[in-house]
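Have a look at the structure below, then the notes.
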Amino acid sequence: MKKLITFLTLTTLLLSGCNEATVKTESVENSEISDPLPSWNEGATKTAIIEFVNSVSKEGGTQYVSPEERIATFDNDGTLWCEQPVAQLEFAAYQVKKMAVDHPEWKDTQPFKSVLEGDNEYLVNDLLNNHGKELMKLITVTHAGMTLTEFSADVTAFLNASSHPKYGKKYTETVYQPMLELLQYLRKNEFKTYICSGGGNSFMRVFADDVYGIVPENVIGTFAMNTFEQVDGEWQIVKGTKNIFMNDKATKPATIEQRIGRIPIFVGGNVRSGGDIGQLTYSQTNTLPNFQLLVNHDDDVREFAYSEKDNASLNAAQEGGWHVVSMKNDWKKIFPFDN
């Protein structure tokens, strides 16, 4: 009789433990469902995002959008990860310093001179005020003429060997946690997510899938026409220098149309050079429900604070009724490594 009581007691305890574990698991899952954006502070922006996603995903609703038309495009630098400094400029500098031994003339020739002297502002000013013409010279020399396999290996080596000067983390770790949550939330609701950025196609494709969950074919960036040729007896893609297309500002809508063939209903960009006004404006031409998100860098403690001289992006946001993200006020944490 005692053995039977003991057995029943143990069975009750085990079942009780299982039920408790089940309740805890369900509680976690329900918490994730109830708050898909845990790193966002409660407020108008977070509420607007969730309401929009719910409205376009609710079959039979007045704002319903079919999954094949749920296209979301995002800028990369300053929107998905930190752009102070711009990682691809740092990669170009990394390549120049490796190659400089064979090019002594570079110490007196721009834009190489600025890189070798550590003058980062030269290329930043060129990017903001000169359409990146000097930068393109640099990229042509450091990115072209090698096989795509070699280039990808160089990018990987750079990302593994380099660290952000402020945070001491790899550049691929200085991604915005709230935006990672947003990308995941959109994909859970059958959105197709794309990068549409001024960064190079081949550069971003090295890490986009691992870091953002955005597959290589969904990366739209600056590119030149590559070639397919024999290298050491093997057919390979070789990075070229002809027909360079800078994917920035008003050209972003053109590349979205050319690569996707649909107008995105959700677009994310950021304040810096007015480079995302084009694609955010383009999304508003969609006859379907649409949403524009503009990240404003206003947190000089946890990240950086900077603006545009002409305030073009914020002016466009006010005129278009776009949703502006205050990094300082809207985000509980900025990076995955934040406490």
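Take the range 37-85 and flag every residue that is among the polar types (S, T, N, Q) and outside any loop (DSSP other than H, G, I, E, B). Outline the logic, then answer.
Restricting attention to the range 37-85, the residues satisfying the condition of being among the polar types (S, T, N, Q) are 39, 41, 45, 47, 54-55, 57, 62-63, 66, 73, 76, 79, 84.
Across the range 37-85, the qualifying residues are Thr45, Thr47, Asn54, Ser55, Ser57, Thr73.
Among the residues of the range 190-210, those that are touching a residue at least 60 places away in the same chain (Cβ under 8 Å) and either of a type in the set (Val, Ile, Thr) or surrounded by fewer than 16 Cβ atoms within 10 Å (Cβ to Cβ) (or both) comprise Glu190, Thr193, Ile195. Can Glu308 be described as in a helix (DSSP H, G or I) and open to solvent by 10 Å² or more (accessible area, probe 1.4 Å)? No, not satisfied. Looking across the range 35-49, the residues that are surrounded by fewer than 18 Cβ atoms within 10 Å (Cβ to Cβ) and either in contact with a Phe, Trp or Tyr (Cβ under 8 Å, 6 or more places away or on another chain) or within 17 Å of Gly321 (Cβ to Cβ) (or both) come down to Asn41, Gly43, Ala44, Thr47, Ala48.
Which residue is most open to solvent (accessible area, probe 1.4 Å), if the candidates are limited to the range 212-240 and must be out of contact with any Leu (no Cβ under 8 Å at 6 or more places or on another chain) and aliphatic (A, V, I, L, M)? If you could, list the steps in order and put the result at the bottom.
Just the residues of the range 212-240 that are out of contact with any Leu (no Cβ under 8 Å at 6 or more places or on another chain), to begin with: 215-225, 227-235, 240.
Narrowing further to those that are aliphatic (A, V, I, L, M): 215, 219-220, 224-225, 231.
Numbers: Val215: 50, Val219: 0, Ile220: 3, Ala224: 24, Met225: 106, Val231: 38 Å².
Checking each candidate, the answer is Met225.
Scanning the range 65-92 for residues that are of a type in the set (Gly, Ala, Ser), touching a residue at least 24 places away in the same chain (Cβ under 8 Å) and out of contact with any Ser or Thr (no Cβ under 8 Å at 6 or more places or on another chain) returns Gly78, Ala87. Of all the residues in the range 241-255, those that are open to solvent by less than 40 Å² (accessible area, probe 1.4 Å) and touching a strand residue (DSSP E or B) at 6+ places or on another chain (Cβ under 6 Å) number 3. Restricted to the range 119-148, and to residues that are open to solvent by less than 50 Å² (accessible area, probe 1.4 Å) and assigned to a loop (DSSP other than H, G, I, E, B), which residue is nearest to Thr222 (Cα to Cα)? Once the filter is applied, the top-ranked residue is Gly132. For Phe52, the conditions (1) of a type outside the set (A, V, I, L, M); (2) in contact with a Phe, Trp or Tyr (Cβ under 6 Å, 6 or more places away or on another chain); (3) surrounded by 21 or more Cβ atoms within 10 Å (Cβ to Cβ); (4) within 18 Å of Leu293 (Cα to Cα) are fulfilled apart from (3). The number of residues in the range 258-278 that are under 17 Å from Phe191 (Cα atoms) and either in a helix (DSSP H, G or I) or among the polar types (S, T, N, Q) (or both) comes to 1. Residues in the range 279-305 that are open to solvent by 20 Å² or more (accessible area, probe 1.4 Å) and not β-branched (Val, Ile, Thr): Tyr282, Gln284, Asn286, Leu288, Pro289, Asn290, Asn296, Asp298, Asp300, Arg302, Phe304, Ala305.
The values are calculated or read from the model by the stated rules, or taken from the named source; none is laboratory data. Computed from a predicted structure; not experimentally measured. Heads up, the Cβs are rebuilt from the backbone with ideal geometry, glycines too, and the neighbour counts pull from every protein chain shown. Note: areas computed on protein heavy atoms with side chains; ligands, DNA, RNA excluded. Shrake-Rupley method; radii C 1.70, N 1.55, O 1.52, S 1.80 Å.
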